[in-house]
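What follows is a single structure, and I will ask about it in a moment.
The values are calculated or read from the model by the stated rules, or taken from the named source; none is laboratory data. What you see is a predicted model, and the numbers here were worked out from it, not measured in a lab. Positions of Cβ are backbone-derived with ideal geometry, glycine not excepted, and every protein chain shown enters the neighbour counts.
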Amino acid sequence: MERMYPLVSEKLPHFFHGGDYNPEQWPAEVRDADMRLMKLAHWNLATVGVFSWVSLQPAPDQWDFDWLDAVMDNLAEGGMFACLATPTAAPPAWLSHQHPASLRTDAQGRRHRHGNRVNYCPNAVAYREACAEIAGRLAERYKEHPALALWHVSNEYGGVCYCETCAGEFRRWLEAKYGSLDELNERWYTRFWSHTFTDWSQIEPPLQHGESMPALRLDYRRFNSDSLLGCYLNEARILREVTPGVPVTTNMMGAHPDMDYHTWAPHVDVVAWDSYPSVRSAPEQISFYHDLMRGLKRDRPFLLMEQTPSSQNWQAVNALKRPGQMRLWSYQAVAHGSDSVMYFQWRRGRGGHEKLHGAVVAHAGHENTRVFQEVAELGEELEKLGDAVLGSATQAKIAVIFDWQSWWTLDATSGPVRDKQYVQTLIKHYAALRERNIMVDVVSPETALEGYSAVVAPMLYMVRTEWAEKVTEFVRGGGRFVATAMTGWVDETDLAYLGGYPGALRQVLGVWVEEIDALFEDQANQIRMKQPFGPCRGEYKCGRLCELLHAEQAGVLGTYGADFYAGWPVVTENRLGEGFAYYIGTDPEQEFLVHFYRTICADCGIFPPMEGGEGIEVTLRSQKDRSFIFVLNHRDEVSFVDLGDRHYCDLLTGRTHTANVPVRGFDVRILEEVEPTPDQDAPQEKPAE
Ligand SMILES: [Zn+2]
């Protein structure tokens with residue numbers, strides 16, 4: 001077999017199965033019991049040290065690695081590996097007391113007291129130096145250790161600091177970006193409300209009781225994301241220097257508002273992320289974030305670093321994953337490109353904030369629990385699955401553009417509605433495609449468009465001129481491009497495009513937007529299709545945002561049904577070269593999007609890997625010479641998948657199937673096409689009653 005991408009770790013040529021392990025919270029006899037239980041759970045990788053700073057460095061000049069030595073040795077002796085974390089997400093109290101300026105300052109300008117976690121100033125020199133020292137010592141101590149498989153830098157970076165140190169760094173960051181104060185004043189449009197800066201020292205972070213101009217807020221978010229990335233790089237550089245062969249990553253958090261992960265992605269060897277949906281999350285809501293995280297490094301595998309084996313503890317209602325649901329969602333991550341199934345956490349702590357968070361080992365302390373058994377069975381199953389899927393690609397012909405920069409700018413903008421619903425809008429478009437099991441990439445605007453047949457950019461508020469040129473080329477060459485309301489309004493420093501929206505995209509879309517109407521929740525308008533666009537025909541509801549647009553070169557597919565702009569264009573199609581560009585000037589009901597994208601996909605010749613019944617999700621992962629179709633049943637009752645006259649082997653059961661195959665409630669099949677042979681014609685499984 002020829003893998004598409006190399007394994008994350010040559011040391012561990014299996015699905016990573018493990019998770020967060022906090023042995024520093026427990027006496028030696030419990031740690032011994034852990035080793036026995038981890039073998040039973042079929043764990044092969046333990047994330048150790050995440051919050052262990054004070055246990056490793058109880059005082060500035062005092063170090064204690066003995067306990068970690070023993071844990072690393074125990075893992076190695078047990079045939080397991082360590083995802084070794086630097087403990088820098090929670091600095092010890094002595095550091096905060098010795099260097100109060102290393103603590104975070106909030107948007108009210110209050111310096112925090114010591115406590116909680118991720119409570120440091122990302123630009124504090126004392127914090128950065130202390131992080132570099134402990135990362136360096138860990139790297140030197142364990143560089144030759146047989147258990148070391150992966151570096152986990154700090155934990156869930158996030159939050160914003162508004163302190164004087166950050167203010168100074170922000171001014172330097174701005175000087176480097178704009179060169180001169182005149183340029184900054186121009187780009188920030190500071191003559192508004194007489195905000196022109198006459199000295200760099202006048203620029204402050206966007207405190208709640210201070211400056212709030214949109215362009216400043218936007219640049220501060222960029223700066224803060226860069227500052228947090230600086231913390232990551234501060235440690236990652238040292239780890240790479242000492243252990244060049246060990247992959248380095250950090251655990252990301254999906255569509256998190258504090259970091260532009262597209263700028264982080266080049267600096268991690270493998271993307272890793274923590275998935276914490278609610279049990280009420282729709283399958284497409286969960287998979288959107290998997291695809292967003294996979295898209296950080298295009299189609300190569302990522303790691304599911306954390307998920308709860310049962311329940312969370314920080315949501316308003318923390319329901320249990322139902323029996324089978326943890327396995328289903330684990331395979332959903334794999335189906336969307338994960339090469340791991342990992343959990344937070346191994347064992348419930350006796351105290352602290354996370355004592356009621358789900359864990360593989362309950363406070364009962366033994367293996368005879370539902371959750372432990374489900375984890376152990378899944379671990380065994382992943383072992384049997386072997387390495388065939390590892391390193392395979394998850395390729396799509398259609399890309400949805402996700403842009404933190406547009407999200408941030410929309411958030412900083414007053415009007416036309418307070419809640420712009422950027423991420424929700426992206427998920428609506430994504431879900432309309434996934435509803436039919438179309439493979440979708442969720443990628444940055446920087447991504448090369450070659451290889452895609454269609455590109456969807458919902459609410460891409462900020463459009464850079466070069467991007468518009470790239471899209472125009474893409475459409476001329478035969479691509480389909482879809483844009484929606486509030487696309488292309490501003491440039492990269494939040495200056496509105498003059499001459500009509502969608503600014504730089506006006507030519508490719510063939511429309512210009514004159515006004516935008518904001519609708520109250522109890523109001524709606526309609527899209528009236530002038531002629532059928534595939535299954536998209538008749539009338540659909542729309543609301544929230546209604547743009548009043550003029551079709552220039554574009555043809556009108558649908559018009560508004562009501563209000564003073566009844567009869568104005570709302571859905572348009574512009575032919576350019578070999579391709580088409582579509583504009584949807586409102587927020588339509590989901591059914592419209594489902595029908596609309598059916599036509600787009602049919603026109604592009606994009607089809608799902610396989611047709612399934614109700615509740616069935618299908619994805620495809622491919623090696624150079626093998627393909628795996630994942631079939632997941634998200635309902636708790638039996639459904640079916642149609643294999644036609646082809647024959648497929650289910651890698652999880654070893655049985656061969658053809659025609660209509662049942663998939664039990666919450667069950668999964670991983671299918672690989674095989675040649676039919678008479679003796680392979682095994683009877684079909686009966687669905688469970
Ligand atoms: Zn700060």
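Is it true that some residue in the stretch 478-495 is in a helix (DSSP H, G or I), surrounded by fewer than 23 Cβ atoms within 10 Å (Cβ to Cβ) and touching a strand residue (DSSP E or B) at 6+ places or on another chain (Cβ under 7 Å)?
No, there is no match, as no residue in the stretch 478-495 is in a helix (DSSP H, G or I), surrounded by fewer than 23 Cβ atoms within 10 Å (Cβ to Cβ) and touching a strand residue (DSSP E or B) at 6+ places or on another chain (Cβ under 7 Å).
Given the options THR619, THR599, name the one that is of a type in the set (S, T, N, Q), within 27 Å of VAL455 (Cβ to Cβ) and in a strand (DSSP E or B). Write out each step before concluding.
Details: THR599 fails: in a strand (DSSP E or B).
None of the other options fit; the residue is THR619.
Which members of the stretch 237-264 meet the condition of being in contact (Cβ under 8 Å) with a residue 60 or more places away in the chain, closer than 22 Å to CYS161 by Cα and out of contact with any Asp or Glu (no Cβ under 9 Å at 6 or more places or on another chain)?
If the condition is that a residue be in contact (Cβ under 8 Å) with a residue 60 or more places away in the chain, closer than 22 Å to CYS161 by Cα and out of contact with any Asp or Glu (no Cβ under 9 Å at 6 or more places or on another chain), then ALA255, ASP258, MET259, TYR261 are the ones that fit.
Taking the condition of a type in the set (Gly, Ala, Ser), modelled with pLDDT of 95 or more and exposed (fewer than 15 other Cβ atoms within 10 Å of the Cβ), does ALA562 pass?
yes
Residue under question is ASN116, and the condition is that it be more than 13 Å from the ligand (Cβ to nearest atom) and surrounded by fewer than 23 Cβ atoms within 10 Å (Cβ to Cβ); does it hold?
When the stated conditions are applied, ASN116 passes them.
Tell me, yes or no, whether the stretch 102-116 has at least one residue that is closer than 28 Å to ASN74 by Cα, within 27 Å of the chain's Cα centre (by Cα) and among the aliphatic types (A, V, I, L, M).
Checked the stretch 102-116: no residue is closer than 28 Å to ASN74 by Cα, within 27 Å of the chain's Cα centre (by Cα) and among the aliphatic types (A, V, I, L, M).
Are there any strands (runs of 3 or more DSSP E) wholly within the stretch 500-591 with 3 or more residues that are over 22 Å from ALA431 (Cβ atoms), and if so which? Before the answer, list the steps.
Values: elements: 511-518, 525-529, 539-551, 555-560, 569-576, 579-584, 586-588.
Answer list for the stretch 500-591: 511-518, 539-551, 555-560, 569-576, 579-584.
So, of the residues in the stretch 120-178 that are more than 16 Å from the ligand (Cβ to nearest atom) and not assigned by TED's automatic domain parsing to the domain that holds GLU77, which turns out to be farthest from VAL50 (Cα to Cα)?
Going through the qualifying residues, I end up with TYR178.
If I filter the stretch 317-330 for residues that are surrounded by fewer than 22 Cβ atoms within 10 Å (Cβ to Cβ) and within 20 Å of PHE51 (Cα to Cα), do I get at least one hit?
No.
Being away from the ligand (no atom under 16 Å from the Cβ) and more than 20 Å from ARG141 (Cα to Cα) narrows it down to one of TRP53, TRP67, TRP26, TRP63, so name that one.
Residue meeting the stated conditions: TRP26.
Filter the stretch 480-495 for residues that are of a type outside the set (S, T, N, Q) and either modelled with pLDDT under 95 or in contact with a helix residue (DSSP H, G or I) (Cβ under 8 Å, 6 or more places away or on another chain) (or both) and give the result.
Answer for the stretch 480-495, where residues must be of a type outside the set (S, T, N, Q) and either modelled with pLDDT under 95 or in contact with a helix residue (DSSP H, G or I) (Cβ under 8 Å, 6 or more places away or on another chain) (or both): ARG480, PHE481, VAL482, ALA483, MET486, GLY488, TRP489, VAL490, ASP491, GLU492, ASP494, LEU495.
Looking at the stretch 123-138, which of the residues that are assigned to a helix (DSSP H, G or I) and either modelled with pLDDT under 95 or among the small types (Gly, Ala, Ser) (or both) is farthest from ILE238 (Cα to Cα)?
Checked the stretch 123-138; the qualifying residue farthest from ILE238 (Cα to Cα) is ALA126.
Also: Looking only at the stretch 650-676, which residues are touching a helix residue (DSSP H, G or I) at 6+ places or on another chain (Cβ under 8 Å), outside any loop (DSSP other than H, G, I, E, B) and within 18 Å of VAL334 (Cα to Cα)?
VAL668, ILE670
Write out, first by first residue and then by second, each pair whose Cβ atoms fall under 7 Å of each other, whose residues are 6+ apart or on separate chains, and whose first residue, in the stretch 120-140, is acidic (Asp, Glu) while the second is away from the ligand (no atom under 16 Å from the Cβ).
GLU140/VAL242
If you check GLU547, GLU617, GLU552, GLU591, which single one turns out to be at pLDDT 95 or above and touching a helix residue (DSSP H, G or I) at 6+ places or on another chain (Cβ under 6 Å)?
So the residue among GLU547, GLU617, GLU552, GLU591 that is at pLDDT 95 or above and touching a helix residue (DSSP H, G or I) at 6+ places or on another chain (Cβ under 6 Å) is GLU617.
Residue-by-condition table, conditions (1) in contact with a strand residue (DSSP E or B) (Cβ under 8 Å, 6 or more places away or on another chain); (2) within 27 Å of ALA468 (Cα to Cα); (3) β-branched (Val, Ile, Thr):
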site: PRO502; (1), (2), (3): yes, yes, no
site: VAL511; (1), (2), (3): yes, yes, yes
site: LEU519; (1), (2), (3): yes, no, no
site: ASN525; (1), (2), (3): yes, no, no
site: GLN531; (1), (2), (3): yes, no, no
site: LEU545; (1), (2), (3): yes, yes, no
site: ALA562; (1), (2), (3): yes, no, no
site: ALA566; (1), (2), (3): yes, no, no
